[in-house]
């Protein structure tokens, strides 16, 4: 029998009934009285000076109610790395210069979308095109066009991570490998595009409904950009159709709708088209990877040197974090005695690159795990064995960087090894490749410079025992509403149906940094657990008085039964105590408060999850087509709060990360994305989805609520690497640049020297 | 010049006047106010707008409203009978066959159309049935499990 | 954004032809609209008059008789896919339809609309060419017939003249000892073809010699086209694996593929080479069973 009543159960998600009946109202569905529709005019040039914008004809079009350009804004620049003003480089509505094809220059509000679109054609913008640069390796050259003032060689962020002495260590190695990899871009492809309904009223308050991962960030950034007090900006997150890292920065829909609404004092709705979604929202950071790995002949890894240059696109966004994390996770999940990472982020005149599920780790895992397999082959060591030999273990310290508490990597390796043995006899041209990973449960480094606790929650118990849970955490589909409700119910000792969650509304919920870096379960979960415990303690005070038990006895609540822990039959109903407590407090409702900020956990993350994935592929050697047959993942994420949720996250991660591995890409020509439509952007559909299997390893993370830590993001790390290794195992060719397309595989097969059996 | 459009949606008759260029999805969402059907693309690729027209699963963004004149349309809002959910809806809830939920209406209608045409589809046929619908969250397998559960009779409708 | 247009829904073929004749360049025909509406939404096609023939049930039929198979132009892909007579006697058509886009598209889109859209990557045209199909084009002036392989003139351009409407697709009866197969290469299962190949092989009775062969390529040229030089390699000979390999190589030289974001010209030629041999082998196996 489970020791928990709620967590670990297979439950229906709390937002379920609304979603399966079509009742859930997304921002996409919101219609307000007198609402207008906005459309954004975007630059057709990758790099140009704006000489003049004439909006007079557009303003005269019947049905147009407002037109705004950069000149109508306060002219501020913003960025999510608020701590570093030089990285706050994006005006959103450009005033003097545009830096990528799609950079906004004007926005129109009209009575309907068609009129707004028609009005865009009537806006005359005079540009002076400037020389542009599209590849980071070109952008860092002396003679490259400068994209942002004061940023030499277009390198806007550098990062360095080091411990030990890599150069000395290489001298002691028996084998050294140097390899290069190229990691592509990827589109988030949320089913709901970026959208916002902004309503500025005559009392000077702005309300914005928007599809977002972090209503608090949007509130703070909007306030800053609009010259409003944070308290006069309310951001409400309705059910949100996906985020995956694209929706926690201030975007053009939110900003432009707000600016327009402030000008005309009417609600304005902007919904980005799918084409805008592909071309003018942020995307996964493409990276050039250079790796040098040194090992002893018994497989012990002695040193790793990593150099990365990332394609930053036109603005910084979260790209600075991706740059750091890719370097940090390049050291995962192994114990390197000596390590050095140098990362450079270069601006280019392309759509800005930023955060996407995995945050630099899918890239580092693809490169690192590919190289590790190559090293293993050179040394004649089994791929599982070399990982076992060097894999992280519980309580490992990443020198000067992080402290790993729980770690189930070795158990995951064991399970995968067993799985591979079971699939012993594979058909010809089939192969199984593995990749191991470790990932963070939220980030610590406070680049947003928030004064608030990273997560906070409020619990309010009503007279009938129903509990209102207020949290800033944002459910974007990953299920945080359900997971947090489960944590609350478990801690408070009630049933899941007793909890009603209110989330993501800055007007009524305490601030939370949002759903990114896989932080909600651990960080907000801790806040919720503390809030529930606070409320519970207030009830226990009254229960203790009522039961009058010996002072040595502890009390707790389970299944709505307040009882002595050691004598559970002695107790009283939760419902009765709630009534008595409220009476006892002179009619005041019971409020529990909780917050969480990781302290003394280093600067990266309070906890890490680990896993090993095995991908089985079949390769058609005449066409190069790679078929994903089976993806089996052994992973550990501490105590599993919401098992249905984790399974969903895993299978969804395989779809996304598998796509990154073999079919998703954003080819460009002169800064223009060539496939800005779903028909042209290839992604995995149901017929393409492989069989999936999850092997859950039991671990317990002391830092997490009930021992839980992240699951949803780490699971996107290994798939590209596992596919690359599988293709090699199947047909003996190495593809070092993503995606692994049939054409690349076929070319490699043809170039492979014929091998004697 | 607007033209008359008569159709039934979820058993309810409607009489409207629409511009010829109006798409069926616009009539459902904007004119009638049934926002359960979503739109996720501009090139008929995502399937989020899937509804049933005269018993067939179709993409409502790719049909002129006037072509549905006289037709019987069913949307996700018509699945439940009052508060009693359709077996597919119950299965989706139990099997976690949705996450962000934006593709869910389309998935449900595609699945319903599939089962009404063929009550005992194979796993491959179920995959084909929803292949026109993109989901970015679930990886499809939970949806397939949910539909399979209905096929196996786990949610026999009470008469 | 779709531009406004006048909407006309003729109730008979005659009415439709009259409207086409009247409005000429100012009008466009819509049936399932699964391709046309995308173009209209992008503003690439903006007719003043839209003539909706979806309601012309007189053009929606599947008839099999002594003269072969006759499919009305407004027949949906799904009807063809599910037709018992097609599944039994012209199975390659049902197989091809099964992999065309999605069920939703097939439920509303029509074979006539697909052929008139003239996307060289379309699935039906190569299969119909391999089956030696002809098209019936009607206008107020009368009716004329044209082989499918002559119908497409260039990318998205057909031989339809002003006032003409595609009304029927005719597939002649399949000769004995004939096998036809089709495959398309793509990375995503239901996607448009990167390259598509259809092959029809007719063997002599008992001797296994190739009496007739038709090889049709899709997405390998501005229009779907036959690889006639490749056909000549096999005609009159007994088909062997080595010969099929040669056929593939010749076919790849007859292709005129483009390089785009999905594949280079070189790779497409390679796909033609490989797929013609493979599909030829499958067609041969079917011919032997027939």
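A short reminder: the numbers here are calculations on the coordinates, not readings from a lab. Owing to the predicted nature of the structure, the values given are computational and were not obtained by experimental measurement. Here the Cβ is made from the backbone with ideal geometry for all residues, glycine too, and neighbour counts use every protein chain on show.
Structure summary
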{"read-out": "Translational D in µm²/s for the stretch A:130-269 (Stokes-Einstein at 10 °C, 1.306 mPa s, Kirkwood Rh from C-alpha pairs)", "value": "83"}
{"read-out": "Rounded to 10°, Cα long-axis angle of helix B:104-117 versus longest principal axis of chain B", "value": "80"}
{"read-out": "Mean Cα-pair separation over length for chain B, i.e. relative contact order, pairs under 8 Å, 6 or more apart, %", "value": "23"}
{"read-out": "Potential extension, residue A:176-residue A:554 segment - 0.36 nm per residue separation minus Cα distance", "value": "130.1 nm"}
{"read-out": "Among beta bridges that DSSP assigns inside chain A, antiparallel share in %, nearest 5", "value": "75"}
{"read-out": "Alpha-carbon centroids, the stretch A:59-114 and the stretch A:4-23: separation in whole Å", "value": "40"}
{"read-out": "Reduced Cα scattering model of the stretch B:87-151, Debye log10 I(q)/I(0), q = 0.16, 0.26 Å⁻¹", "value": "-0.40, -1.17"}
{"read-out": "Per-pair calculated FRET efficiency, R0 = 41 Å: residue A:34 and residue C:42 via Cβ, rounded to 0.05", "value": "0.85"}
{"read-out": "Residues listed by number, the stretch A:79-123, amide nitrogen under 18 Å from residue A:152 label point at 7 Å toward C-beta", "value": "A:86-87"}
{"read-out": "Counting all C-alpha pairs of the stretch B:3-78, share separated by more than 18 Å (%)", "value": "28"}
{"read-out": "Separation of alpha-carbon centers, the stretch A:306-335 and the stretch B:65-136, rounded to whole Å", "value": "41"}
{"read-out": "For the stretch A:165-231, Kirkwood radius (reciprocal of mean inverse C-alpha pair distance, Å)", "value": "17.0"}
{"read-out": "Contour excess over end-to-end distance, with Cα ends at residue A:603 and residue A:112 and 0.36 nm allotted per residue", "value": "171.9 nm"}
{"read-out": "Peptide A:153-163, shielding by other chains (average Cβ, 10 Å cutoff)", "value": "0"}
{"read-out": "Share, in percent, of DSSP beta bridges within the stretch B:3-78 that are antiparallel, nearest 5", "value": "90"}
{"read-out": "Convex hull volume per residue in cubic angstrom - Cα atoms of the stretch A:361-469", "value": "224"}
{"read-out": "Computed [θ] at 222 nm, deg cm²/dmol, chain C (DSSP H ≥ 4; -39,500 (n - 2.57); rounded to nearest 500)", "value": "-10500 deg cm²/dmol"}
{"read-out": "Alpha carbon Rg of the stretch A:552-614, scaled by the compact-globule rule 2.2 N^0.38 Å", "value": "1.85"}
{"read-out": "Relative contact order (%) - criterion: Cα under 8 Å, at least six apart; region: the stretch B:87-151", "value": "53"}
{"read-out": "Mean shadow area of chain B, taken as a quarter of the surface of its Cα convex hull (nm²)", "value": "9.2"}
{"read-out": "Approximate shape of the stretch A:1-137 as ellipsoid semi-axes (Cα gyration tensor, √5λ), whole Å, largest first", "value": "40, 26, 13"}
{"read-out": "Between helix C:241-254 and chain C: long-axis angle, C-alpha atoms, 0 to 90°, nearest 10", "value": "40"}
{"read-out": "Radius of gyration, Dmax [the protein assembly as shown; alpha carbons; angstrom]", "value": "31.1, 105"}
{"read-out": "Value of [θ]222 nm, deg cm²/dmol, for chain A, DSSP H segments ≥ 4, -39500 (n - 2.57) each, nearest 500", "value": "-8000 deg cm²/dmol"}
{"read-out": "Spacing of the two label points (7 Å from each Cα toward its C-beta) at residue C:89 and residue A:566, in nm", "value": "8.9"}
{"read-out": "Mean separation of Cα contacts under 8 Å, 6 or more apart, over the residue count of chain A: relative contact order %", "value": "16"}
{"read-out": "Degrees between helix B:141-151 axis and first principal axis of chain B (Cα, 0 to 90, nearest 10)", "value": "90"}
{"read-out": "Label point distance in nm, residue A:541-residue A:397, each placed 7 Å from Cα along Cα→Cβ", "value": "4.2"}
{"read-out": "Estimated FRET transfer efficiency when R0 is 30 angstrom, pair residue B:31-residue C:156 (beta carbons, to 0.05)", "value": "0.35"}
{"read-out": "Gaussian network model of chain B, springs between alpha carbon atoms under 10 Å - residue of B:17, B:98, B:140 with greatest fluctuation", "value": "B:17"}
{"read-out": "Values of log10 I(q)/I(0), in the order q = 0.13, 0.21 Å⁻¹, for the stretch B:43-127 under a Debye, Cα-only, solvent-free model", "value": "-0.43, -1.10"}
{"read-out": "Residue C:265 versus residue B:16: modelled label distance in nm, points set 7 Å from Cα along the beta carbon direction", "value": "4.9"}
{"read-out": "At q = 0.21 Å⁻¹, base-10 log of I(q)/I(0) for the stretch C:129-244 (Debye sum, equal scatterers on each alpha carbon)", "value": "-1.19"}
{"read-out": "Dimensionless Rg/Rh of chain C - Kirkwood Rh, Rg from C-alpha atoms", "value": "0.98"}
{"read-out": "Efficiency of FRET between residue A:687 and residue C:14 - r from beta-carbon atoms, R0 51 angstrom, step 0.05", "value": "0.75"}
